[in-house]
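I have placed the structure first, in the form of structure tokens, so that the comments after it can refer back to it.
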Amino acid sequence: MKYETIRLDGETLILLDQRKLPEKIEFFEAEDYQEVAFAISDMVVRGAPAIGATGAYGVYLAALEYDDLSENEFLNQMKEAIEYLNKARPTAVNLSWATKRMFNIIKKNSGQNRKALIRLLEQEANNIAREDVEINKTMAKHGNKIVPMSANILTHCNTGALATVDYGTALGVIREAHRNNKNIHVYADETRPRLQGARLTAFELVEENIPATLIADSVAATLIRDGRIDLILVGADRIAANGDTANKIGTYMLSELARVHSVPFYVVAPRSTVDYNLDHGDLIEIEERSSDEVKKIGSEVIAPDGIRVYNPAFDITPAENITGIITEYGIVKPPFVSGLRDIKDRRRS
Ligand code: MRU
């Protein structure tokens, strides 16, 4: 993408402000970990891999802030900062996965010269960001194999360069298929209530000249029933050990339509999105967001005061509705329990 989603500039984290897209290209500057946590919870930056990398930089900024504390105090403050960052959004496991990776560096190097530790933390955050792009490109290559020529692909939410450090997960596969001249066409769900499809996916599709049509979420059922969708590609925020997948609200509905109408339904996600500690999807915490997201479109109020709102940000797609999970280690097919276990400790070649 032309713009960088996440960039460290010295001791400032620069985030493309996704709340303003597509109307305005503006950048949000986070100077400390509290501002990083705010950026994640307010969705300046969003998408599971992107908030993972952002959280890692948040840990680095916290270390800069607590630089001159004694060993014990430093460790306690860093634990608190990590907990604070992890709470910014609870469903995407990539956030706690990344902050844990940062904490491991602290543990491994405890007692070391503080300046040296801080450099190591900066390096680790940069590694997480760099690896994310490599992983996305590898997933895209694996995923491209299952995209038929001239496919009509349905996607939900935004899983592109904006949801990652660059390239994207499900949208990365779409990008790859387009770059391989597969003559694809994309239907992008608008994705109420935050409209990530209309505001962000459409922005990326237009930027890359990928033939695409934006639809209201409720149009998807008709397209699928009419045989006008060959493939559904979505991302994931957390995948349980059995393959049950938490993703943007509305994904489960698409998976049921895919099952009923025999349309291949693939999840595209890095291994860092798999939570091996959770046996099944019912154990995944689903974030509930503000009622204003439903009662307003942008700043315009569309519902009366006094109406109750239910606004879960994610839902769970049961493993049995998923054709395959496209990872950087290849495409995991059912049964997912053994397939995901097989890639648990694998190294990327
Ligand atoms: O609430 P969001 O916009 O952070 O939700 C994003 C999604 O649900 C994505 O599909 C998921 O994070 C995978 S992004 C590569």
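Each reported figure results from applying straightforward, stated rules to the coordinates on display, with no laboratory input. Since the structure is predicted, the reported quantities are computational estimates derived from the model, not experimental observations. Every residue, glycine among them, receives a Cβ derived from its backbone with ideal geometry; neighbour counts consider all protein chains shown.
Annotations
- Charged side chains reduced to their Cβ positions (Lys and Arg at +1, Asp and Glu at -1) give region 227-311 a dipole of some 300 debye around its Cα centre.
- Full extension of the chain between R259 and K141 gives 40.0 nm of extra length, using 0.36 nm per residue less the Cα-Cα distance.
- Gain upon complete extension [E80, D42; 0.36 nm per residue less C-alpha separation]: 11.7 nm
- Overall form of the chain per C-alpha gyration tensor (a/c, 1.5; a/b vs b/c): prolate
- Computed per residue of the chain from DSSP H runs no shorter than four, each worth -39500 (n - 2.57), the mean residue ellipticity at 222 nm is -12000 deg cm²/dmol.
- Each peptide in 197-203, 234-240, 319-325 was scored by the mean count of other Cβ atoms within 10 Å over its residues; highest first, the order is 234-240, 197-203, 319-325.
- With 24 Å as the limit on Cα-Cα distance, the pairs of K87/K107; K79/K115; K20/K100; K20/K137; K24/K145 that go past it are K20/K100; K20/K137; K24/K145.
- With θ taken as phi - 60° and the Karplus curve 6.51 cos²θ - 1.76 cosθ + 1.60 applied, the whole-hertz 3J(HN,Hα) list for region 219-231 is 7, 4, 4, 5, 4, 5, 4, 7, x, 9, 10, 9, 7 Hz, x standing for glycine and proline.
- Taking other Cβ atoms within 10 Å as a rough exposure proxy, F28, F38 sort from fewest to most as F38, F28.
- Separation between Cα centres of region 274-349 and region 2-16, rounded to whole Å: 26 Å
- Near K182, no amide H atom lies under 5 Å from its own; only residues 5 or more places off or on other chains count, and H is placed 1.01 Å from N.
- Placing a label point 7 Å from the Cα of R348 along the Cα-to-Cβ line, the residues of region 99-120 whose backbone N sits under 17 Å from it are 99, 101-102.
- Cα-based shape type of region 183-338, given that a ≥ b ≥ c are square roots of the gyration tensor eigenvalues and the cut on a/c is 1.5: oblate
- Region 71-100 versus region 30-46: alpha-carbon centroid distance in Å: 13 Å
- Spatial offset of region 155-192 relative to region 213-257 amounts to 13 Å, using the alpha carbon center of each.
- Membrane-span-like helices in the chain (whole DSSP H runs, Cα extent of at least 30 Å along the helix axis, mean Kyte-Doolittle hydropathy of at least -1.0): 114-144.
- In nm, spacing of pseudo-spin labels at I25 and K107 (7 Å Cα→C-beta vector): 4.2 nm
- Residues whose amide H falls under 5 Å from that of I297, counting only those 5 or more places apart or on a different chain, are I302, with hydrogens built in the peptide plane.
- Note on the chain: with charges restricted to the Cβ of Lys and Arg (+1) and Asp and Glu (-1), its dipole about the Cα centre is near 1240 debye.
- Listed peptides 153-159, 261-267 by packing density, highest first (mean Cβ within 10 Å): 153-159, 261-267
- Here R119, R192 are placed in order of increasing Cβ neighbour count within 10 Å, fewest first, which gives R119, R192.
- Pairwise FRET efficiency - I118 versus T213, Cβ, R0 = 30 Å, nearest 0.05: 0.05
- Förster radius 35 Å - calculated FRET efficiency between N126 and R341 (Cβ-Cβ, nearest 0.05): 0.70
- Anisotropy class of region 151-225 from Cα gyration tensor, a/c 1.5 cut: oblate
- Under-5 Å amide H pairs with V274, H placed in peptide plane, nonlocal only: I239
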